[in-house]
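S.K.: Questions regarding the structure given below will be posed in turn.
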Amino acid sequence: FHTGDKQNMISQEFVFKSVKDSKYDWLFGAYGFYQNMDQQTTGDIFTAKMEQDIRSGFDISGLALFHQSTLNDFLFENLTLTAGIRLDLEKDKLDYSLAMAVNGGPWNTTVDENYEETFTQVLPKLSLKYKFNNSLNSYATVSKGYKSGGFNTNSSIDISEFRSYDAENSWNYELGFKSSMLNHRLYFDAAVFYIDWTDQQIDVPVPGGRGNMKTNAGESVSKGVELFVKGRPFKNFEVTIGYGYTHASFKEYVLYEEIDVKNEQGQIVGSELVEVGNYNDNSIPYVPKSTLNVGLNKIFEFENGFLNKMVANLNYRGVGEHYWDLSNSVSQDYYGLFDAKLSFVTGRVQLDIWGKNIFDTSYNAYYFEIRQLNNSYVQAGRPATMGVNLKVTF
């Protein structure tokens, strides 16, 4: 297949806020954007001697108005209350066409359609923060999340049922604290979170076709904990450790398919919905159960000589087990990747020698199915990669 995309976007944001710290701080703002995107995919369909030409033209415009108020020393000293609200408006348009040619014959336009969707959402936020001292504070936040809907442009999709998908909504809850100890040589942060989704947007295989599409799950939940530690045991040396555990699952997600009902003579006399998939309590695909990040950073300074400093960095990224499909039948085991970088700095010149996945760990980065062919495929992760960067500042 040959794919060509053209995209243009313009955006602007205005923010007005109080300039002096006081018992009451405020903020008002507005944001607007316009995006135009043209996509074209042309190529052979390998299951038949035919070519197809898919063209999608998107026009997306949006406007947001937002406000935030902060009351310092709310009710009593060192307690801060923040309340915010955002009005989000978006309008999406799609011009979609599909043309096909059989055995090198003339092109025949089989689909030429236009779609339009408007999305409106009000998003509140409320948070409390308490400062125990200069080294410790805690916070609690409740906010509403939102992601606008859109359109699928896969040629295998049944237009009437799967061409568009709805907006995603969520309520997000977070409780945590941030601290510094040992004269700011050690930092420790921790947080627990709970996300309650409605109509979560997920990628699923196209029923009876090729490729993936976006659709909406009924209800889903994500909950977990995040920990972060940063230490500076001695001058010019820093170590960071971050860990996250996430349990993300579907609360209510059942798929139905409408089938024809026939009489004894084989005539269609009606239709009925048949359950084709029940994913209640299954894990949400592509969400790792755990993530781990460990970083070591050392700076070597030189008072005399050609070099000003040398910076050595080593990083480990661990990705926990996660599923690739709704039925949780295919998964990727835990894997870890080591990255390293050595930087030489002198004046306005910086030379970086770097490596990613330096031990050449094998892992899968993506999985997909082509149900029409009853085949499954995986995309291998990037192997060991080395490189050099040169940066000159004028």
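The values are calculated or read from the model by the stated rules, or taken from the named source; none is laboratory data. It should be emphasised that the depicted structure is a prediction, and the values quoted were computed from it without experimental measurement. All Cβ positions, even for glycine, are placed from backbone atoms using ideal geometry, and neighbour counts span all protein chains on display. Keep in mind that these areas ignore ligands, DNA and RNA; they rest on the heavy atoms of the full protein, side chains included. Shrake-Rupley method; radii C 1.70, N 1.55, O 1.52, S 1.80 Å.
S.K.: I need a count of the residues in segment 121-143 that are buried (at least 17 other Cβ atoms within 10 Å of the Cβ) and over 17 Å from L175 (Cβ atoms).
M.R.: Adding up the residues that qualify gives 1.
S.K.: Kindly indicate whether any position in segment 316-324 is crowded, with 16+ Cβ neighbours inside 10 Å, modelled with pLDDT of 95 or more and closer than 17 Å to F237 by Cα.
M.R.: Checking segment 316-324: not a single residue is crowded, with 16+ Cβ neighbours inside 10 Å, modelled with pLDDT of 95 or more and closer than 17 Å to F237 by Cα.
S.K.: Looking only at segment 16-63, count every residue that is open to solvent by 70 Å² or more (accessible area, probe 1.4 Å), modelled with pLDDT of 80 or more and within 30 Å of T82 (Cα to Cα) and tell me the total.
M.R.: 8
S.K.: Could I ask something else about it? Six or more apart or on different chains, Cβ under 6 Å: which pairs go from a residue in segment 320-336 that's more than 18 Å from V276 (Cβ to Cβ) to one that's of a type in the set (A, V, I, L, M) and assigned to a loop (DSSP other than H, G, I, E, B)? Could you list them?
M.R.: Short answer, once both residue conditions are applied: H322/V287; W324/V330.
S.K.: Right, here's the next one. If you go through segment 91-120 one residue at a time, how many are touching a Phe, Trp or Tyr at 6+ places or on another chain (Cβ under 6 Å) and open to solvent by less than 30 Å² (accessible area, probe 1.4 Å)?
M.R.: 3
S.K.: Let me ask something additional. Quick one: in segment 296-308, of everything that is part of a strand (DSSP E or B) and not β-branched (V, I, T), which residue is farthest from D325 (Cα to Cα)?
M.R.: E301
S.K.: Shifting gears a bit: Is segment 241-256 home to any residue that is small (G, A, S), open to solvent by less than 50 Å² (accessible area, probe 1.4 Å), within 25 Å of F151 (Cα to Cα) and more than 17 Å from the chain's Cα centre (by Cα)?
M.R.: Within segment 241-256, not a single residue is small (G, A, S), open to solvent by less than 50 Å² (accessible area, probe 1.4 Å), within 25 Å of F151 (Cα to Cα) and more than 17 Å from the chain's Cα centre (by Cα).
S.K.: Quick one: is G231 open to solvent by less than 30 Å² (accessible area, probe 1.4 Å), touching a Leu at 6+ places or on another chain (Cβ under 6 Å), among the small types (G, A, S) and within 26 Å of V319 (Cβ to Cβ)?
M.R.: Against the criterion (open to solvent by less than 30 Å² (accessible area, probe 1.4 Å), touching a Leu at 6+ places or on another chain (Cβ under 6 Å), among the small types (G, A, S) and within 26 Å of V319 (Cβ to Cβ)), G231 qualifies.
S.K.: Quick check on segment 294-313. Is at least one of its residues open to solvent by less than 70 Å² (accessible area, probe 1.4 Å), under 19 Å from W354 (Cα atoms), of a type in the set (G, A, S) and within 26 Å of the chain's Cα centre (by Cα)?
M.R.: Checking segment 294-313: at least one residue is open to solvent by less than 70 Å² (accessible area, probe 1.4 Å), under 19 Å from W354 (Cα atoms), of a type in the set (G, A, S) and within 26 Å of the chain's Cα centre (by Cα).
S.K.: Among the residues of segment 273-293, is there at least one that is of a type outside the set (G, A, S), more than 30 Å from I259 (Cα to Cα) and over 20 Å from the mean Cα position of the chain (by Cα)?
M.R.: No, segment 273-293 has no match at all.
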